[in-house]
Amino acid sequence: MIAEAISRAERRTSGEIVIVFAAASSGYYFFALLCAALLALAVPLPFIHLTKWPIEYVYLTQLAVFAAGVLLVQWPALRVALAPGSLKRHRAHLRALQQFLAQNLHTTRGRTGVLVYVSDAEHYAEVIADSGIYEKVPQGVWDDLVADLTAQIGQGDRVQGLMAAAERCGDILAEHFPPEPLGQDELPNHLIVLDAERYV
């Protein structure tokens, strides 16, 4: 369905549209383990000052807290919840930039590639357009598309949201980059799904 929407949109323009969906843009392991370590470091303080426990018991408690923290942060949703919003936005934006290059959007003949990147865990979406498009289409146009896309995804309608985003990209590109007589499809049209577990 999404591939068909991309193909329909691209028939009206010489531009190339690529949609990438990531369950998450990072595993957030480092930050989650840092939280577990800080909690374990803080645990001895009340025991040292408020109890008469031998120091060995205090350190064993500290070790147990850290071990429990390590086990808890194996849960992906908890790692995402612990990560600050600024870190999540930064990781998602970085992953979008990486995907723009990884999907070869910068290699199209007219520099008319557009990436629609969605990272589900972070509730993040971004559109990155190549230089040929930015010369003619202001950023505000893409910001409006992202706002509509995130609203639809927030309502749980991911497929329809991505299909609508593809159609909207086609409308925007067709206005400035009409199809070429002998134009060819330079990039694949299927939805690209990323595995979050590859990232730390």
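Observations, loosely collected:
- For region 187-200, the criterion of being surrounded by 15 or more Cβ atoms within 10 Å (Cβ to Cβ) and farther than 24 Å from GLU4 by Cβ is satisfied by at least one residue.
- Residue in region 113-127 that is assigned to a helix (DSSP H, G or I), at negative phi and buried (at least 21 other Cβ atoms within 10 Å of the Cβ) present: no
- Evaluating ASN189 against the criteria (1) under 26 Å from PHE30 (Cα atoms); (2) polar (S, T, N, Q); (3) in a loop (DSSP other than H, G, I, E, B) leaves one unmet condition, (1).
- Matching option when the condition is assigned to a helix (DSSP H, G or I) and either basic (Lys, Arg) or without any contact (Cβ under 8 Å) to a residue 24 or more places away in the chain (or both), among LEU34, LEU39, LEU78: LEU34
- Test for ASP130: is it in contact with a strand residue (DSSP E or B) (Cβ under 6 Å, 6 or more places away or on another chain) and either outside the structural domain of GLN160 (by TED's automatic domain parsing) or acidic (Asp, Glu) (or both): yes
- Top-ranked residue in region 81-117 [being of a type in the set (Gly, Ala, Ser) and without any contact (Cβ under 8 Å) to a residue 24 or more places away in the chain; ranked as nearest to ALA22 (Cα to Cα)]: ALA102
The values are calculated or read from the model by the stated rules, or taken from the named source; none is laboratory data. Only a predicted model underlies this, so the values are computations on that prediction, with no experimental measurement involved. Glycine gets a Cβ as well: all are built from the backbone with ideal geometry, and neighbour counts include every protein chain shown.
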